[in-house]
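> Before I ask anything, let me first share the structure, which is written out below as structure tokens.
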Amino acid sequence: MAHIYLSAAHKSSGKTTVSIGLCRELERLGVSVRPFKKGPDYIDPLWLGQASGRACFNLDFHTMDREEITAGFARGLTGVEVGLIEGNVGLFDAVDLHGSNSNAALAKLLRAPVILVLDVQGMGRGIAPLLLGYSAFDPELNIAGVIVNKVGGSRHETNLRRVLEHYTDLPLLGALHRTSEIRISERHLGLIPSNEAEEADGQIERIRDQIAGQVDVSRVLEIARSAPLPPPVPTGDQPPPAAREQVRIAIARDAAFGFYYPDDLAALARAGAELVDFSPVRDAELPGADGLFIGGGFPEFHLSELSENRSMRAAVRDFVESGGAVYAECGGLMYLCRELHWGNRHGAMCGVLNADVAMYERPQGRGYVWLRETPAFPWPRVPETPPEIGAHEFHHSAILNPDPAWTFGYRILRGKGIDGRHDAIVYKNLVAAYSHLRAVGGNDWTGRFVEQVRAYRR
């Protein structure tokens with residue numbers, strides 16, 4: 001039940017790179033690791049999952065209450081030796097004035113010692129007041145060590161070590177020198193997802209090699225093993241699923257589509273779904289299935305391949321038109337439109353939705369959303385369905401000339417969605433939305449979708 005929390009003073013400090021390298025190096029040393037990621041994120045978890053060989057689980061105050069977070073964390077630690085939580089943004093950053101949803105709050109909730117990853121490019125003695133301030137700001141938080149990143153050379157490293165030893169009690173656990181070898185290319189949503197990056201495993205190995213040579217991994221492991229036991233799994237958690245009629249759901253998973261939460265996929269399986277992958281980029285036809293789930297991704301980077309795969313576009317369109325149950329999120333919504341435009345490029349998509357979609361340089365919708373279902377939302381309701389659903393969105397695309405005849409399944413209480421007021425286009429047995437759902441916080445979207453698939457199968 002050893003565990004550590006990797007955080008930073010601000011975003012883009014290198015904590016993802018360090019987390020990836022630590023996961024792979026610990027695995028190489030024979031120490032099993034379960035990665036976790038704070039907040040709503042798909043891309044970092046893809047890299048962490050590939051580095052560790054285990055699914056990365058998200059822990060998010062917006063969609064999960066504290067008991068659900070601690071239960072999910074404890075379940076994730078079952079059968080592994082170390083849990084590694086990667087934070088988001090800065091350690092104390094939060095919308096709430098008192099930081100109740102910050103990385104620091106999550107670290108304290110999980111009783112996790114924090115290792116700070118600091119971008120020290122252009123810094124010297126100035127790291128001392130920064131670290132002293134961070135240590136004093138919340139005395140209940142256990143900041144257990146520091147890894148400095150983007151070190152300018154051996155003289156810079158020596159100076160940083162002298163400063164830390166003289167002014168602070170924090171151990172310097174590693175000094176990563178500036179190099180392009182361990183940089184993961186970035187794009188508008190952050191890191192390029194590992195399901196798309198060519199030779200991703202080779203890149204992970206290069207990162208691991210740098211971590212092994214410049215970080216005291218044994219000391220990091222020692223700190224993780226010093227952590228107090230996290231809160232236990234509640235008694236009776238995760239009851240065995242009732243026997244139900246099985247259905248088959250095809251999931252779009254390839255270089256263009258790969259944004260899925262592993263615990264949601266597990267929840268689909270518990271609800272009675274057999275999951276089978278298909279590729280809108282490569283496959284000529286759909287596999288035999290009772291329903292489709294087309295998640296998010298970067299279809300714009302595969303515009304030509306998606307457009308040229310006419311047989312797949314026709315198969316998806318026919319499935320929707322025949323009344324098949326389909327759920328599409330963000331990138332999936334884009335794929336179902338008539339055409340996708342990006343700069344001076346455009347390509348035909350499935351043509352299910354009577355509108356085009358265009359990419360923009362700036363985000364068109366970003367952050368947490370609150371949704372309220374309209375009477376048009378088609379999935380079976382359950383008594384536990386919350387009146388307001390917490391979700392998230394991050395899209396650089398927007399719908400062009402939305403069909404005025406569209407019916408929407410969500411009213412937007414906070415966020416952008418399709419038009420700032422609505423999200424979730426409902427057409428026949430299709431739900432297509434910009435918002436990304438999670439099967440947490442009483443929002444059993446997975447069970448409801450499987451019931452919808454089951455009903456239409458009959």
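The values are calculated or read from the model by the stated rules, or taken from the named source; none is laboratory data. Note that this is a predicted model, so its numbers are computed, not measured. Backbone-built Cβ (ideal geometry, glycine too); neighbour counts: all protein chains shown.
> Quickly run through region 16-52 and pick out the residues that are closer than 18 Å to A112 by Cβ, buried (at least 24 other Cβ atoms within 10 Å of the Cβ) and small (G, A, S).
Result: S19, S52.
> How do the pairs read when you match residues in region 32-53 that are assigned to a loop (DSSP other than H, G, I, E, B) with residues anywhere that are among the β-branched types (V, I, T), using Cβ under 9 Å and keeping only pairs 6 or more apart or on different chains?
Hits for this filter: S32/V80; S32/V82; G39/V89; P40/T63; G53/V33.
> Related question: Which one of E157, E140 is assigned to a loop (DSSP other than H, G, I, E, B) and either within 20 Å of I85 (Cβ to Cβ) or of a type in the set (D, E) (or both)?
E140 is the lone residue from the list that is assigned to a loop (DSSP other than H, G, I, E, B) and either within 20 Å of I85 (Cβ to Cβ) or of a type in the set (D, E) (or both).
> Just name the residue that is surrounded by the most Cβ atoms within 10 Å (Cβ to Cβ) out of those in region 394-438 that are assigned to a loop (DSSP other than H, G, I, E, B) and aromatic (F, W, Y). Walk me through it before giving the result.
Of region 394-438, the ones assigned to a loop (DSSP other than H, G, I, E, B) are 396, 401-406, 415-421, 428-429, 434-435, 437-438.
Narrowing further to those that are aromatic (F, W, Y): 406, 434.
Working: W406: 19, Y434: 31.
The qualifying residue surrounded by the most Cβ atoms within 10 Å (Cβ to Cβ) is Y434.
> Could you tell me whether any residue of region 378-388 is part of a strand (DSSP E or B) and surrounded by fewer than 22 Cβ atoms within 10 Å (Cβ to Cβ)?
Here is the first cut: in region 378-388, the residues part of a strand (DSSP E or B) are none.
No: region 378-388 contains no residue that is part of a strand (DSSP E or B) and surrounded by fewer than 22 Cβ atoms within 10 Å (Cβ to Cβ).
> Then there is this: For T374, only one of the following conditions fails: (1) of a type in the set (S, T, Y); (2) touching a Phe, Trp or Tyr at 6+ places or on another chain (Cβ under 7 Å); (3) surrounded by 19 or more Cβ atoms within 10 Å (Cβ to Cβ). What is its number?
Unmet for T374, out of (1) of a type in the set (S, T, Y); (2) touching a Phe, Trp or Tyr at 6+ places or on another chain (Cβ under 7 Å); (3) surrounded by 19 or more Cβ atoms within 10 Å (Cβ to Cβ): (3).
> Counting only residues that are within 26 Å of the chain's Cα centre (by Cα), give me the helices (runs of 4 or more DSSP H) lying completely in region 250-348 with at least 3 of them.
262-270, 303-308, 331-335
> For region 267-322, name all the residues that are surrounded by 15 or more Cβ atoms within 10 Å (Cβ to Cβ), charged (D, E, K, R) and over 24 Å from R448 (Cα atoms).
Result: D283, E300, E305, R313.
> Taking the criterion of being outside any loop (DSSP other than H, G, I, E, B) and under 21 Å from the mean Cα position of the chain (by Cα), would at least one residue in region 118-137 satisfy it? Spell out how you get there, then give the answer.
Of region 118-137, the ones outside any loop (DSSP other than H, G, I, E, B) are 118-119, 127-137.
Now narrow it down to the ones that are under 21 Å from the mean Cα position of the chain (by Cα): none.
The answer is no; no qualifying residue exists.
> For region 19-31, give me each residue that is among the aliphatic types (A, V, I, L, M) and either over 10 Å from I211 (Cβ atoms) or not in a helix (DSSP H, G or I) (or both). Give the steps one after another, and end with the answer.
If we filter region 19-31 for residues that are among the aliphatic types (A, V, I, L, M), which is where we start, we get 20, 22, 26, 29, 31.
Scanning region 19-31 gives L29, V31.
> Within region 414-458, how many residues are among the acidic types (D, E), in contact (Cβ under 8 Å) with a residue 60 or more places away in the chain and touching a strand residue (DSSP E or B) at 6+ places or on another chain (Cβ under 8 Å)?
Final tally of qualifying residues: 0.
> Oh, and also: With the condition kept exactly as written, say whether any residue in region 57-77 is assigned to a strand (DSSP E or B), under 29 Å from R178 (Cβ atoms) and either in contact with a Pro (Cβ under 6 Å, 6 or more places away or on another chain) or touching a residue at least 24 places away in the same chain (Cβ under 8 Å) (or both).
The answer is no; no qualifying residue exists.
> Now a separate question. Could you tell me which of the residues A112, A200 is touching a Pro at 6+ places or on another chain (Cβ under 9 Å), at pLDDT below 95 and not aromatic (F, W, Y)?
Just a single option satisfies the conditions, and that option is A200.
> Here is a follow-up. Among the charged types (D, E, K, R) and over 24 Å from V320 (Cβ atoms): does that describe R366? Even if it seems obvious, please write down each step before you answer.
Numbers: among the charged types (D, E, K, R): yes; over 24 Å from V320 (Cβ atoms): yes.
Yes: the conditions hold for R366.
> From the set of residues in region 78-114 that are free of Cβ contacts under 8 Å to residues at least 40 places away in the same chain and either among the hydroxyl-bearing types (S, T, Y) or touching a strand residue (DSSP E or B) at 6+ places or on another chain (Cβ under 6 Å) (or both), which is farthest from V217 (Cα to Cα)?
S100
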